[in-house]
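Readers should treat all values here as calculations from the given coordinates under stated rules, not as data from a laboratory. Here the structure is a predicted model, which means the values were calculated and not measured. A quick note on method: Cβ atoms are made from the backbone with ideal geometry, for glycine too, and the neighbour counts reach across all protein chains shown.
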Amino acid sequence: MVPTAKLSERRKSPRHRVAVPGTIILSTGGTLACTVMDISPRGARISARSRLPDRFSLKVRATASGLDCHVLWRRGEEVGVRFGRA
């Protein structure tokens, strides 16, 4: 079994814990509230009460535009996303 510390070292960009409110922008134009738990230049871990689609845009705080996201993993209310188009 690989120790947990070794797993986190596989990330190319370190994550920063932030726990800030965010907004999911759906392709239909609707929005959902979420919490961005941690973030890196390449992706984020998001907590949302609603099931999120595989692709969406994410606004964090007052950013001018949404970040394109695609879901990499799901665990209950949390999802891991990568930024950019897949």
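The table below lists the values:
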| quantity | calculated |
| --- | --- |
| Difference of contour (0.36 nm per residue) and Cα-Cα distance, HIS70 to SER57 | 3.8 nm |
| Neighbour-count order for ARG15, ARG45, ARG55, fewest beta carbons within 10 angstrom listed first | ARG55, ARG15, ARG45 |
| Ranked HIS70, HIS16, criterion: other C-beta atoms within 10 Å, fewest first | HIS16, HIS70 |
| Radius 15 Å from Cβ of SER27, net charge of other residues (Lys, Arg +1; Asp, Glu -1) | +2 |
| Sorted by Cβ density within 10 Å, fewest first, the residues ILE25, ILE39 | ILE25, ILE39 |
| Cα-based Rg / Dmax (Å) for the stretch 12-83 | 10.9, 32 |
| The stretch 12-83, relative contact order [Cα under 8 Å, separation at least 6], % | 28 |
